[in-house]
Amino acid sequence: MRPALFALLCCLAAMTSAFAAPPDSSLTVRAVRVTSPLAVDGVLSEAVWQADNAATRFLQSDPHEGELATERTEVRVAYDDDALYVGARMHDSHPDSILARLVRRDASISADRLTVYVDPFHDRRSGYYFAVNAAGVLYDGTLFNDGWDDSSWDGVWEGKARRDAQGWTVEMRIPFSQLRYDRSPRQVWGINFSRNLPRRSNERDFLVYPPKKESGFVSRFPDLVGLDGLSPAGAIEALPYMTGKAEYLEHEAHDPFHDGSRYTPGVGGDLRMGVGSKLTLNATANPDFGQVEVDPAVVNLSDVESFFQEKRPFFVENSRVFSFGNEGANDYWGFNWPEPLFFYSRRIGRAPQGDAPDADYSDVPLATHILGAAKLTGKLSPSWNFGTLHALAAREWAKLDAGGVRSRAEVEPLTYYGVARGLKEFREARHGLGLMSSLVKRSFGDGGLADQLNDASLVAGLDGWHFLDRKKVWALSGWAAMSRVSGTPGRMVSLQRSSRHYFQRPDAGHVSVDSAATALTGFGARVWLNKQEGSVLFNSAVGFMDPRFDVNDIGFQVRSDIVNAHVGTGYRWTRTNRWRRWANVIGALFDSHDLDGNQISAGAYIGGQVEFANNYSWNTNVLATPQTVSNRRTRGGPLTLNPAAFQWGTEFDTDSKAKVFYFAEISVSRSESGSRGTGLYPGVELKPASNLSARVGPGWDHSIEDAQYVTTVTDPTSTTTFGSRYLFARLDQTTVSANLRLNWSFSPTLSLQTFIQPLISAGGYTDLKELARPRSYDFARYGANYDRATGMVDPDGPGPAPAFYVGNPDFNFRSLRGNAVLRWEYQPGSAFFLVWTQQRTDAETLGDLQFGHSLDRLVSAKANNIFLAKVTKYFTM
């Protein structure tokens, strides 16, 4: 270790004054056994809710850390053979001021809320949470890494709230079948409670609170005792469904495959059951996800795939089990590190990837049909976490009609997806070691897909953490992984030339395209050092991915061939004063090279955040980058220079619990090349009633890119740039969009959600030019040698270089996407959905926004409408 870095670490360690305290042994919560089930109605009329086992001594986490709660809270726990019960009385000196707001289950909103946290395995790192707000809305999720949470898990349980002259009350019934725990005649769990009082400066009270300058949450939980004689539930839960779908779609005249309407019934089902006392099996057959929200429209002119969040319930629920690489530490900084996502479940059931042959008419499936999927998650022991998922996606065919002759072509092969994840903790979670492996295997038919898609992809990796000191202040964590992708030589050539690799770069000294290769094997790794506690922040990391590393078949990866490192520090203020609740400031230096030694990015970053005493918040950041080298601008061509640049961004929010909530985001960028960009994203959320909210978020973005890639033209006479001409232009692009949401909740179990996104994006290309020489930012401008009317370019006028066609790349793209979802949970775990989805698109070769004209075209564009009815029924056996 270098002396300067060693001295810095010693200095930071000396400044550390606090460490994670063990749970207060004097605090113990006792559960009382009842002999008959309790009625869950929110009324604490049963005798057990008058017992002397109440937890009452709540302390503030916010706004005044460590002080007594401003209102009294009483929470009691009971149980029978089948379920855990919680009864809570939240006293309130001003009950008419209680914030009781109706939203859909798990939807975040500022409201009075009671949350119960349980750690059934008593591993002091993981668990579950269950919450009910004052309007009776349910929230649940899982806990992991001793301080993080995941709201994707949905259990089947009951909770009711009532308001009265003393405040409000909550009753919960949590079936043991929804939890996993050890077999033991005398159970000891971890438990904690929190209460939110938003009107009291967002007061949050805990039985045991997590100090802001320390790490650890689950590890602080008091013990829950008294749970004697429990037998882990082995219930089998089934959720069959039926759907009816009506599609009214735009189509061409005389299209033999589409007449404008299509009606499709569907059946399927999900299964959930305990496997032993510690594992849960989830399975789905013929799944349908028609009730999920549509993805937003984007205009992507880069060489990087757009990323969309997973929204399908089967894959979202408990997905945190399959995360890899970020365990142990409580914070991970990146700074231009393209962290790969090792499991991206949207690969399963994606749109078919194969190219259909040319035909007069075609019918290509919008998505690959998932025949079935199953996952097994839980713990092999209190210190062993485990998860595995397997899915089979169907072979898909495109129907073709050419001159009246019908045929079909394979556009997606039968594909198996599998992933397995394990994580072992040692010595009270001071150390951890995990492993992950995944496999994608395709079965090709007689078509040409073998040259378009990988035959198989295998990934294997290790991750883990180690606390460097007994107080768990310094955490060393990281991952290392290997990938192997195989296929035909033709497919491997395409993969090597893809935007993740660019092996064809003519001036690269460390990679080249191997036309005989049938496999690509690569490696990657990343290590972080993080300071977990105290006012002084510190985070550093170093990582690499070699040029052949590729996890994209089942993960999400934007690039390889990189070595990246950063070092950062900062300071945080956590004690509330007259004008602020908390604040922080951080700064970092970062640097990236490719494995040929080229510096591809570097910079200095500084940013800060503050939450004011009135619950307004503000953050801002500045990034400065020097001149570096780009190995991607030419899309596989020679290197160019990245001129020095500057970026600034800021966000501001008012009080989110107010009936009118404002927010805004501004971004500005400038480059020495003349490129620049400005983005403005204001918004407002209205809450005219406790069960109704409307959110309007318009957006305006204007950018000028001095050297936007257009195309590459092969020309042997262009010897300076290795036999090709790399064309660029000045792109002036304006995008206007909006995100519109209306949420109306009629009861805790009946809600209507709507989402609408109009988008218009126009880009005009001028100053067409070509790269003049490698490793520069010099261009030869075509000027009059480019005839925009014909789209032809004669690069050297009367010279020997042949003319070529470029066309007019100007664009004006319009999109309108939206859906409305009515959801009724008519019984716990059972739901009925009515869904309407509409999409409209329109495009012209027009570089100007022309807002009025564009809006008229968008409104008059033909719409694709899809209507769906879905009913699910929950059974337990």
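The values are calculated or read from the model by the stated rules, or taken from the named source; none is laboratory data. Because the structure is a prediction, the values reported are computed rather than measured. Heads up, the Cβs are rebuilt from the backbone with ideal geometry, glycines too, and the neighbour counts pull from every protein chain shown. The accessibility values were calculated without ligands, DNA or RNA, using every heavy atom of the protein model including side chains. Shrake-Rupley method; radii C 1.70, N 1.55, O 1.52, S 1.80 Å.
Below, the figures for the structure above:
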item	result
The stretch 320-335-the stretch 101-158 distance, computed between alpha-carbon centres (Å)	21
Distance from the stretch 595-647 to the stretch 808-877 (C-alpha centre basis), Å	35
Order of exposure, largest accessible area first, which applies to Y765, Y605, Y662 with probe 1.4 Å	Y662, Y605, Y765
Accessible area (Å², per residue) of the stretch 126-273, counting only protein heavy atoms and a probe of 1.4 Å	37
Kirkwood-type radius of the stretch 787-877, with distances r between different C-alpha atoms, in Å	18.0
By accessible area with a 1.4 Å probe, ligands and nucleic acids excluded, highest first: order of W474, W384	W384, W474
Residue-wise HN-Hα coupling along the stretch 83-96, computed from phi with Karplus coefficients 6.51, -1.76, 1.60 (Hz; x: Gly, Pro)	8, 9, 10, 10, x, 9, 10, 9, 5, 8, 6, 9, x, 6
Sequence of L38, L435 from largest to smallest accessible area, 1.4 Å probe	L435, L38
Amide H within-cut-off set for V411, under 5 Å, with H built and near neighbours excluded	E396, W397, A398
Estimated FRET transfer efficiency (S93, L589; beta-carbon r; R0 60 Å; 0.05)	0.70
Backbone N within the stretch 376-420 under 11 Å of label point (7 Å from F257 Cα along the Cβ vector)	397-402, 407-411
Förster radius 22 Å - calculated FRET efficiency between D80 and T28, Cβ distance, rounded to 0.05	0.60
Angle in degrees between helix 3-15 and the longest Cα principal axis of the chain, rounded to the nearest 10	30
Separation in nanometres of the label points that stand 7 Å from Cα toward Cβ, at R57 and I236	4.9
Distance-filtered residues of the stretch 322-350 - backbone nitrogen under 20 Å, label point 7 angstrom along V292 Cα→Cβ	322-324, 341-350
Residues whose placed amide H lies under 5 Å from that of W528, excluding near-sequence neighbours	S477, G478
Per residue, in Å², the accessible surface of the stretch 626-729 once ligands and nucleic acids are set aside, probe 1.4 Å	44
Length released on extending from A789 to F426, taking residue separation times 0.36 nm less the Cα-Cα span	123.7 nm
14 Å reach of a label modelled at K657, 7 Å along Cα-to-Cβ, counting backbone N of the stretch 57-82	61-64, 70-71
In sequence order, calculated HN-Hα J values of the stretch 397-410 (Karplus, 6.51, -1.76, 1.60; Hz; x Gly/Pro)	10, 9, 8, 10, 9, 10, x, x, 9, 8, 7, 9, 9, 6
In the stretch 438-485, the trypsin sites (Lys or Arg not before Pro) that fall in loop regions by DSSP, at most 11 other Cβ within 10 Å	R470
Separation between Cα centres of the stretch 705-766 and the stretch 212-227, rounded to whole Å	47
Heavy atoms of R773: accessible area, 1.4 Å probe, square angstrom to 10	110
Surface accessible to a 1.4 Å probe, S61 within the full protein complex, Å²	10
Mean Cα-pair separation over length for the chain, i.e. relative contact order, pairs under 8 Å, 6 or more apart, %	9
J(HN,Hα) series, the stretch 100-111, from Karplus relation 6.51 cos²θ - 1.76 cosθ + 1.60, nearest Hz, glycine and proline x	10, 10, 8, 9, 5, 3, 6, 7, 6, 7, 6, 7
Helix 851-860 axis, angle to the chain major axis (alpha carbon atoms, nearest 10°)	70
Pairs beyond 20 Å (Cα-Cα), from K278/K472; K657/K687; K311/K687; K245/K870	K278/K472; K311/K687
Exposure of R312 as accessible area (Å², to 10), given a probe of 1.4 Å and all protein chains	30
Computed over the stretch 422-577: relative contact order in percent, which uses C-alpha pairs under 8 Å that are six or more apart	19
Modelled FRET efficiency - R0 22 Å, F646 with F612, Cβ distances, 0.05 increments	0.20
Approximate spin-label separation R186-R575, in nm, with each point projected 7 Å along Cα-to-Cβ	4.4
Straight-distance crosslink candidates among aspartates and glutamates, where the alpha carbon sits under 12 Å from K212 and sequence neighbours closer than 8 are dropped	D62, E65, E533
Whole-percent carbon and sulfur share, accessible surface of the chain, 1.4 Å	56
For G167, residues with placed amide H under 5 Å, excluding near neighbours	D92
Chymotrypsin sites (Phe, Trp or Tyr not before Pro) restricted to the stretch 230-337 and DSSP loop, no more than 13 other C-beta within 10 Å	F307, F308
Straight-distance crosslink candidates among aspartates and glutamates, where the alpha carbon sits under 14 Å from K379 and sequence neighbours closer than 8 are dropped	D119, D123, D182, E425
